[in-house]
Structure formats: structure tokens, C-alpha cells
Amino acid sequence: MKKTGSFMGFIFILTVCLLAASFAFLPAHAQARDIKVGILDAYTGPAAVFANDALKAFKLALEEINKEGVLGKKIEFVTRDTKFKVDIGLNMAKELVMREDVDLIVGTINSGVALAVSDAISKKEKVPFIVWISKSENITGKKGHRYVFSTADNTAMGGRSGAYALSRKPYKTYWIAGDDYSYGHDLANTAWEKLKAAKPDVEKIGESWWKPGEPDLIPYLTNIMTAKPDAVIFCTGGLSMANVLKAVKTTGMAEKFPIWVHTATDHAVLKPLGADAPEGVMGTMHYHFYYPEIPENKAFVDAFKAAYGEPPGFPAFNAYVTAKLIAEAYRKAGAVDKEKFVDALEGLKVDTPIGMLEMRACDHQMVYPIFLGVTKKLPQYDFAVSSDIVTLPGTEMLPTCEEIQKARSAQ
Amino acid sequence: MELAQSLTLSNLGIHLLVGLSRAMILFIVASGLSFVLGVLRVPNVAHGSLYMIGAFSAFSIFNLFGGSPLGFWLALCLAPFVVALVGLVAERSLFCHLYEREHLMLLLFTFALMLILGDLVKIFWGSDYRSIMAPEVLRGSIPVLGSSFPKYNLFLLIIGPLVAIGLYFFTNKTKIGKIARAAAVDREMVGAIGINVSWVFAFAFVLGCFLAGLGGAMVAPTISISLGMDHDIVIETFLIVTIGGLGNMWGALIGSLIFGITQSFGVLFWPQFAIVFPYIAVVIVLIWKPTGMLKSVW
Amino acid sequence: MTGMRFKPIAATAGIFVLLLLLPLFIPRFYVYILAVIYVMSLLAMSLNSVAGHGGIFQFHHGVFYGVGAYTFALISSKTSLPSWIAFAAAPLAAALAGFLIGWFCVRLSRLYFGMLQISLGSLIWAIAFRWYSLTNGDDGIHGIPIPEFIASTKGAYYFVLLVLGACLLVMHRIYQSPFGATLQAIRDNPDRCEAVGVNVRRHQLIAIVIATFFAGIAGILFVVVEGSVFPDLLFWVLSLEVFIMCLLGGWFTFAGPIIGAAMMVSLRTFVGAYTEYWTLILGTILILLIFFLPEGVIGFFVKTAKPAGDGLSGEGTP
């Protein structure tokens, strides 16, 4: 075996070297320069389903856009998998900017990746970065800057919409629980601050925080139920959403306690639960494929269904809006220039499946209406949907421009 | 945040029960890890991946039978065998050639296996969240000690000890079980008396995989099945096995109980840092008894 | 008893000079990637100094790297202390953690040592992950202030390269010293060493403290290159990846881990740019490695360069 072992070893080393070298020297860009978008997202790990949803819609949008072209060019894209890890995200972002030479970066679902890339690459290298799923309010809030934009809903919106919904209810004592990371805490802080301001007599009787993605939430929920609050607020992110709702159903919490969860009515959350989703849970969301039932939304949903066999979720919506923004901004800018692109994006209004929406100039945040509803099972679907929907206007669900200025200058 | 509610007997009781039921799942998975560790002397980091495959297989089987209660029971019974098969293939084709090598190589092999299995799951099942439902009889909760206790957790409290007893009989009373335990202590001797040690190892590994798969199938109705499940469970089971005593099945049980209960009570006493409680318990146990609470197998 | 015997000083110096000049010729991205490789090399080298050289089951070496990185990050971004304090404190914090954890672990042998270290290391990870107000938990700390002259891509490159060079020199010295020799002896036959009167535990502990000190330095370098810290740096998966780097390059050689680090980072970056399944590829390569090339790349060359009968080499597989 020794001789063959050595030989095999040699072949092995050779192969690996060739493999690495070939990848390293593969041409990174085709010339005759189209507009190149670098998509940075987590295609591995628990968030992959959202990243894929977004990518699908982005491709769909580009098909339409490229028929007409933008400034006589097509928009093309490359994707990089961050595996939901910040160090890989940073590596890949630098690769996109320094090696692929992209005109802008879009994507991210992990707020840690978004913030790291925003600071280390977008700000430092002056490359426009449009965040399309990561939900930290700090992205366009206190850590915002000229080159970063967001087409995602964020914790500021979520918190405010929850506070709005609950301030109109008679509940006095609350328990707040959620994922122990920035998303959960920011959501909770904003929601509580705004709720308390609107209704000073509310009282927080307890808090529980668990590891994001924690599979076993029964102990936490049991604890909450024995405390008997008037209502419960859950601040959970994508990883734990389904777990929370499942646990809520298993413990029967929804029948005994009013609950509000931001994104509880999101299709991506309710779909896998199917008939086992809890009913009567209040949720807020900025996109539903079934509401509003206007022609633009129907067209988008039909096209998406025709291409991919299932309706779009909110990541798909965000990505679609992003694609539209990119095309319109370049057209307005008149040139493929990063600085002009940024200027053109500010205050830009585009046509989206749910109507005309604006990319706010002061903080680079997309202004979305928020749909407040309650989970309900309807006979025509085999999953739960949001019902009794109330539309909350986008501008009221965001921090004011002054508040943003203040937060950024405090940095 | 100070204690939000009084330490009533009811409260403590419920948390104890919840902790125990959680400990059952941990035990089922950890016992598999412990057994492999005991006999093969290698910590299998791919154990979490096998657990994940168990959950995903349960999903597929459940769906194959239209999501009916029958599908659930079949999933629970068959998924562990699927995982055992995966383990058998990995072991016979690759692993068994490495037994003479040092432990580090084996550990790194299991790490490579974890990487590969993780991506294979993604290729095979895609990246969507999956969900399976327990049958009607196990849904909802029942009033216990003045509070409500989920029926499925009660189910776990019954099944867990049954598995433990079954495992005990299997490893202590059957011939193959006894040989495996002997091999854990002294593999050379076992080989010397004419038994094919390689097949004993195969058996041990496959049993470990079976248990991981069973744990994954059993936990499936309570969580959303997703990629990334493999990472979470590995560190917990590793810690459990370490504090229980490497290779000791009863140690795995004790370790699981400590882990499950401290986490459950942590939620009661200090909800924000509940996750740290089990780690602290682990550190305390290890400072007091560095080789684990019970004697390790070797 | 070194691995540098067939790399005379001149060749090493030559390589070093070449690396110093590289940023003038190659695109910026490759300068960045090389800097990342240097950081990983230092980390892998520090692991090799205890695990390969000393035979200690340092399963969670990444913790000390993370501690160094976080210490530097916290001091730099949350206090207004001068930056040299951050540079000094980080390796010391890492070494302190190494001492504390090591003190508990050296009482045990082999596998127990490894398992205990994973446990204690995970506790640190859990605390960093949950102590949201201090560490920002999952989000990490970004935009860490770095002194101007090393903040640019080239500046970071030179700084990292110089620090790496200095550390390698020190490590080489240590390997050559009586201490290093004793450590190897302990690896090969701890019982005999005990019998001869060597305090095995004390030696191992010292080796661990030294290794974790270097890991802490690697942590600083990481922050200099990337500007962020996050809990993944403390997670056990990273520790195993560092092991793989040592394995890829060659356990018992001096320069092996450097090659291993280079291979890992290159694979991750370049193959990762083309497919989301690069972990599958990495796993497969790893398995092939274990089967056909257990000595690693450098180890393979060492083995083939030296005929088996050369008992004086002190090198090669055990």
C-alpha cells in the first residue's frame, strides 16, 4: 500500500492544486459591461428558504426589465452564499466588490452580515448596498450612511405597528418574550416604548429570551401562561417563528391569551404549519400574496406562480421591488455610476405589486404599509391566512427623519 | 428580572415535568452518541446530522402516507431505520478502514461526514422548513397540577423510559450487546477470542445512528424541521456525554436529566439567561468530577 | 528536531521578501485574501504547537482566538483607552483563558481533555452569545476602530505579515529549545517522561498558555483585517476547521499548518464563489485526505524526500 499510497497522495495534491487554481483564475467577469449586481445571501442554513424566495423574484423581475433594457444594457447578477456566517459574508462581499467588480451589492438576511458588510465594504469602498431581508433597524437607523439602503421591513416598523395594534386593546399586563438577539430585542424595545407612550397604564410583568432557533419553547410558554398576563408579545425571527406558533398551538396558548407577533401572518411561516397553525394570533406583515386584491398584485403573484409553482412570500416581494428600484434608478441617473445611482435612488418612487411606494431620501428606507391581521383558517386554502386586515400607513410606522438624524449623529 | 410568579408547587411541578420530557429526547440522542463513544472511542460530530436526517426522514414518511396518524406512527418507527442504514453505508464503505488510526483522525472523519451529510440533506430535501403533525390524540394539553401540560410531552415521558429500558436490555442481556460492551473495555481481548471486532464496531455505530434518528423523529412534531438542526444538538449531547461519563449509558441519562431540568428551571428563575444554566451545571459537575459523574467505560 | 532543515534561512528570507513585495503586483482582492490566510496560518500554527508538536487534544482552540478578538474589539470600541492597550490586552486575555481552562484540562488525559475543553469553551461562547448588552450577541460588533496606518488593505497586509513573521520566529525558537524537545518527548511517551522526573502537567500547561497567547494575537489580526467580531469566532466548528488546516498541511511539520490554512481559505473563497455546495467538496477532500494523505501536504513531501530509515529526522508520521 505504501507505494500506491504515496502515488495516490501525489495525485491528490495535484488535483486539489489544480482545482483551486482553476477556480481562482476563472475569468471573473465577461466584458462588454452590463450592469452587474452582486447578490449576497444565505443559501445554506435555516434561512435558505427566504434567500431562495428572494432570488426567484429577482430573476423574474430581471426577465421583464431586460426585455426593455436599462440605458441600453442588461442587468445581470452573480450570487454568493454567506452560509449565514459573518466572516464568510465579509469574504464574499469583498470578493464581489474587488474581484467581480459589481456595480452594487444586494441581499443578506442575517443582520450581523448586513451590518458588517455595510460598514466594512459599502461605506468603506463606497459601493451601494441594498439590504433586502435583514431586519435590523440599525441598518438604516443609527448605522446608516450614504451607500446603504433597505427594501426590507425592519424592527422599527414591526415594533410600532404592534404598539399601534395593542394600544387599541384593553390589555394592561404584558409578557414579552422572544429570540435573544438584536432583532428580538429591538422589536421588543420599540414595541414597548411606543405602546407605553400611547397607553401609559400598561405594565410589563415579565420577559423571557431564548436562543434564536431554540426548538423547545414549551418550558418558556408554560412559564408565561402560569404568570397569567393579559396579553403576550412574541419577538421572534425567522428561525423561531414556526417553532413559536407550533408551541402556541400545542400548549393551547392562543385560545387563552391574546398574542401579537410581528410576521405571524407571513405566508412562509403559516404554510408549513398547514392546518396546524394557531388561530386568533395577531400579526403584522408588509406583504401578502392574497391582499390587497389589486391587479398589480395579482399579476405579480400569477407570474411568480407560473414560473415557480407557488405564491411569493415577502422576500420575493422585497427582491422584486429592489429590482425595480435598480432599473429605475439607473434610468434616472443616466449612467452606470455609483454616486449618481445613490443620488437617483433617494426619494425614488416605483410601481410595486401593492401600489406606488417610495424609497425615503432621509434614511434610505423603503416605506411600506403594514397590514395588521389575525390568523384564521379559511376553507379555500390549506394554510392559515391573515384576516380582518387593517392597513397601517407606512410613514407613521417609521421613525421620523429627525429621529434618524439624531440617532446617526450620536454614533 | 426578578421572579415574576411565586414558586408554587404547581409551577415547580410543571417545570420539572417539562424539563424531564425535554431530557428524554436528549437522552435518546445522547445515548447513541455515548454508545458509539464507548465502543469506538470516537466522539461522532456527525451525530447531529444523523439526528437531522431522522427528522427529515420522518417528514418524508409522514407525507408519503398523506399526513395521517398512520403516517406519523410509521414515521416514528421507520425513520430510525433509515438513519441506521445511512450509518451502515458510511461505516462499511469508509469508516471501518480507519479503526486502527488514532482518535483524532476518526474525529476528523466524523467532521467530514457532518459536512457532507449537511449538504446532502440540502440537496435531497431542499431548504424549505418542514413540519409534521402529531396525531389528534397527542395534540393539545391536559391539566396537570393546576397548569396545562402538553400531551406530546407526556408521550415523551412515557416513551423515554421505555427506550432506556429497552436499551438496557439490549446492551446487557443480548449476546451482541454484551460483546459490544466488552469491546468497549478491551477490544483486543474480544478480537483474541475470535470475534470479528469490525462487525461489532459496525453494530455499535449503527445502533448509535438508530438512536439519533429516533430522537430526530420524536422531536420532529414539536419543532420546525430545518437545515442547521445538526449544529444545535451536537454541543448539547457532547456536554451531556461528558458530564455523564464517556461511554456510560446511565451517565447519559443522568447528564440528560441535569441538562433538561436545569434549562427548564433556568427559564423559571432567570429567563434571560436560561440557556446558560445547563452550561454552568456542566462546569460545576466537571470541576467536581472531571471524568464525569459515573465511571466511563474505559 | 525541526521541520525547517531543508529550508535554509536564505530560502525563508527570500519567500518573506517576495511576500512583502507582492501587494505591488497583485490585485487588491488577493492582497486581502493573503492577509486572511496569514491570520489563519498563525491560528493554525498556534494549534499545531500544542496539538501536533505536543500531542495535546486541544479540541476547542478557537475559543482563545475568539477571546483575543473580542477583547481587542471591546477595548477598542467601547472604551477610550489608547489602542496599544487593546493590542497588549488581547493576547494576555487569551493566555489567561488558556491558563484557566488549561489548568482544569491538564488534569485529564487525551479524550477527556478534549471533551472538557469543548465544554468550558462552549460556556464562554454561550456567555458571549447571550450577554447582549456587552457583546451585541449574535449581531457582533462592527466598525471597530483600527489605527489609521494599518486600516487599509495594504496596511493590514503588511502589519499581519510582519506580526506573523515575528510569531513564527518565536515559535521556531521555542521548538528548538529544550522546552520544545521536552514537549515532543511528552507527546511521544508521557509515562517515560514522568519516570524521568519531568513534570508533564506543568509543561503541558505552559505549552497551552503559549499557544493560546499566539491564538490571541491571531484574534487581533483578524479584527485588523475584517473590522468585526461575532460569536462564530468562539464556536466549536471553527476549532475543528483549524484542526483540518493542520491536517491538510501536515501535523508534524513546521510549515504544514500554513499550507493547510492557505488551502482552506482558497477553497472556501474560490470554490465557494461558484457553488453553494462547497462544504460537500470540502468534506470529500477531507475524507480523501484522511485516507490517502494523512500526513498532509507538507508531511507528504517530507516523507517522500526522506527515506524511511533516517531515524534522526525526528519528523514524519509516528
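Okay, here's what the table says:
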item	result
Criterion: touching a residue at least 24 places away in the same chain (Cβ under 8 Å) and in a helix (DSSP H, G or I) - qualifying residue of C:254, C:243, C:291	C:243
Sole exception among (1) over 22 Å from residue A:273 (Cβ atoms); (2) in a helix (DSSP H, G or I) for residue B:195, by number	(2)
Of the criteria (1) within 24 Å of residue A:238 (Cβ to Cβ); (2) without any contact (Cβ under 8 Å) to a residue 40 or more places away in the chain; (3) out of contact with any Pro (no Cβ under 9 Å at 6 or more places or on another chain), which one residue A:293 fails	(1)
Subset of the range B:227-236 [without any contact (Cβ under 8 Å) to a residue 24 or more places away in the chain and not in a helix (DSSP H, G or I)]	B:228
Condition check for residue B:218: assigned to a helix (DSSP H, G or I) and either farther than 24 Å from residue A:213 by Cβ or within 14 Å of chain A (Cβ to nearest Cβ) (or both)	yes
Close pairs from the range A:235-247: first without any contact (Cβ under 8 Å) to a residue 12 or more places away in the chain and more than 9 Å from chain B (Cβ to nearest Cβ), partner in a helix (DSSP H, G or I) and surrounded by fewer than 24 Cβ atoms within 10 Å (Cβ to Cβ), Cβ under 6 Å, at least 6 apart	none
Among the residues listed as A:325, A:357, the single one being part of a strand (DSSP E or B), buried (at least 16 other Cβ atoms within 10 Å of the Cβ), in the same structural domain as residue A:33 (by TED's automatic domain parsing) and touching a residue at least 24 places away in the same chain (Cβ under 8 Å)	A:357
Condition broken by residue A:101, with the remaining ones in (1) surrounded by fewer than 24 Cβ atoms within 10 Å (Cβ to Cβ); (2) at negative phi satisfied	(2)
Any chance residue B:152 is away from chain A (no Cβ under 11 Å) and under 22 Å from the mean Cα position of the chain (by Cα)	no
The listed residue being in the same structural domain as residue A:46 (by TED's automatic domain parsing) and closer than 23 Å to residue A:182 by Cα, out of A:295, A:311, A:315	A:315
Helices (runs of 4 or more DSSP H) wholly inside the range C:70-189 containing at least 3 residues that are buried (at least 23 other Cβ atoms within 10 Å of the Cβ), basic (Lys, Arg) and touching a Lys or Arg at 6+ places or on another chain (Cβ under 8 Å)	none
Of residues in the range C:206-235 being aliphatic (A, V, I, L, M) and touching a Cys at 6+ places or on another chain (Cβ under 9 Å), the one farthest from residue C:161 (Cα to Cα)	C:208
Those residues of the range A:227-275 which are of a type in the set (Phe, Trp, Tyr) and part of a loop (DSSP other than H, G, I, E, B), in sequence order	A:257
Qualifying residue in the range A:98-107 (condition: over 22 Å from residue C:27 (Cβ atoms) and away from chain C (no Cβ under 11 Å))	yes
Residue check, residue A:223 of a type in the set (S, T, N, Q), crowded, with 20+ Cβ neighbours inside 10 Å and in contact with a Lys or Arg (Cβ under 7 Å, 6 or more places away or on another chain)	no
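Condition check ((1) part of a loop (DSSP other than H, G, I, E, B); (2) at pLDDT 85 or above; (3) farther than 28 Å from residue C:102 by Cα) across all residues:
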{"position": "B:238", "(1), (2), (3)": "no, yes, no"}
{"position": "B:247", "(1), (2), (3)": "yes, no, no"}
{"position": "B:256", "(1), (2), (3)": "no, yes, no"}
{"position": "B:262", "(1), (2), (3)": "no, yes, no"}
{"position": "B:265", "(1), (2), (3)": "no, no, yes"}
{"position": "B:272", "(1), (2), (3)": "no, no, yes"}
{"position": "B:280", "(1), (2), (3)": "no, no, no"}
{"position": "B:283", "(1), (2), (3)": "no, no, no"}
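The values are calculated or read from the model by the stated rules, or taken from the named source; none is laboratory data. Given the structure is predicted, the values throughout are model-derived calculations rather than measurements. FYI the Cβ positions are ideal-geometry reconstructions off the backbone, even for glycines, and counts take in every protein chain you see.
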